[in-house]
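The values are calculated or read from the model by the stated rules, or taken from the named source; none is laboratory data. Quantities reported herein were computed from a predicted structural model and do not represent experimental measurements. Because the Cβ atoms are built from the backbone with ideal geometry, glycine has one as well, and the counts that use them run over all protein chains shown. Please note that ligands, DNA and RNA were not included when accessible areas were found on the heavy atoms of the full protein model with its side chains. Shrake-Rupley method; radii C 1.70, N 1.55, O 1.52, S 1.80 Å.
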Amino acid sequence: MTAARPQPPAAEPQPNAAPDGAVLTALLQAADQEVPAAVALRRELHASPELGGHETRTASRVAAALGEPDAPSVTTGRLARIGAAGGPSVAIRAELDALPLTEQTPVAWASRNGASHSCGHDVHLAALTVAGRAVRRVGGPLPLVAVLQPREESYPSGAQDMAGSPQLEAQDVRAMVGAHVHPHAARGQVSVGPGPVNAAHDEITITVRGRGGHAAYPHVTRDPVLAAAHVILALQHLISRRTDPMHSAVLTIGTVQAGTAANVIPEQVVITGSLRTFDPADRASLWSAVSATAGATAEAYECAAQASFVRGEPVLNNDPALATAAAACLDRAGLRVVEPLRSCGSDDFAYYCTRYPSLMMFVGVGQPGAPDGPGLHHPAFLPPEETVGEVARAMLAGYVAACSVVLPDAAQAHGDAPDSMRIAPDGGGGPH
Ligand SMILES: [Zn+2]
């Protein structure tokens, strides 16, 4: 959306070192005025998504909507700081990329370019503009850094680049907040579990080599297809027999590629899979057990197997103090805190957790009466428009909670926070 829109009236300057509750209330009131434009922005982003590594247009558009068109770049992402230029800050992450899926929704603003925002990143981006513009209008205890992150869905991970960048280091981030829509929670509900909520994730590739030949003469070949079948079965025992049953772990084989004809025994089979763990010791022992089991099993069939691994996201660990503070703020924001959603899913937000106290909230978008509706990464997944405002409320609750944990004096005292830790409200963020 590039056309001019009616500008909301300028907000009255307000004290920005008020108690948590007053800060949050003021931010939520300001946010309500920003939601209609953000819903229009969400439609615009949704209609023309960009794949990981190509998100420059999306990043520019969102930076402009935040009132920071010149926000510095980190690869194809951007960092938009709202508030004082120096000193400690709280960051909120939103992902820029879409998935290589052909959208299957009936809306007029559906994507037609072969990519699709089927993970809800369009909602996160629009919600972050609401949060950022609300902080600009009202002020806040600490500057807000909007992290517009590329490549959440692809390797190499955008979060890894962003979290290790000197540009983000320069922001003096004291806490990182993220929110992801989740169909397993109902609308109005938010999960903010302390501790691990998503698994570490590694990709496995196993190449099984034999000796190819004619299907009618198997005795003069060494059939890698048969060996690979046994490798796949044997690998499942590593979860059921070699991993402590009280530790969650998953090993899924996702692809098996072999052969070109029904009457030919091929030379090799390539298997790829996904390994998900929560315990670093399990992660290390399963890497070596996968290699040893694949090698020994293939050898029993006079073939050879070699395993390689791509180390992916670490465990996504929510800071307990942030989770507790956020639960109270979410409640004040009219959102219901529910039992933590924990899963063997993964998210590269986990890279921030290794550097900053971090909090990922799962914001419910589940529809009552439709428990089996399209989920994340389904081409028909489409969170309703109201979720833009709901995710924004969750982000603001997380921001205020993080400020209260990072700088309790600044958030709770009346006016005794150092100037460098305050934001002067400016009554608006410019054109959306
Ligand atoms: Zn996602």
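Some values worked out for this structure:
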quantity	calculated
Protection-proxy order for peptides 166-173, 113-120, 399-406, 50-57, each taking the mean of Cβ atoms within 10 Å per residue, highest first	399-406, 113-120, 50-57, 166-173
Value of [θ]222 nm, deg cm²/dmol, for the chain, DSSP H segments ≥ 4, -39500 (n - 2.57) each, nearest 500	-11000 deg cm²/dmol
Of Leu235, Leu79, Leu335, the one that fluctuates the most in a GNM where the chain has Cα springs shorter than 10 Å	Leu235
Packing rank of 274-280, 295-301, where each peptide gets the mean count of other beta carbons within 10 Å, highest leading	274-280, 295-301
Fluctuation leader among Pro379, Pro106, Pro194 - the chain, Gaussian network, Cα springs under 10 angstrom	Pro106
Distance histogram in 20 Å bins (all Cα pairs of the chain, percent per bin)	25, 50, 20, 5, 0
Interchain or long-range residues, amide H under 5 Å from Val181's placed H	Val363
Accessible area expressed per residue, region 294-380, with surrounding protein chains retained (probe 1.4 Å, Å²)	47 Å²
Distance from region 235-254 to region 141-170 (C-alpha centre basis), Å	32 Å
Gyration tensor (alpha-carbon) shape descriptor, region 164-245, a/c threshold 1.5	prolate
Beta bridge orientation in region 88-209: antiparallel %, DSSP, nearest 5	10 percent
Gyration tensor (alpha-carbon) shape descriptor, region 188-316, a/c threshold 1.5	prolate
DSSP H segments from the chain that extend 18 Å or more along their own axis, Cα-based, with Kyte-Doolittle mean of -1.0 or above	20-47, 121-138, 224-240, 280-300, 320-332, 386-406
Overall form of region 329-400 per C-alpha gyration tensor (a/c, 1.5; a/b vs b/c)	oblate
Antiparallel %, DSSP beta bridges [both residues in region 15-162], to 5	55 percent
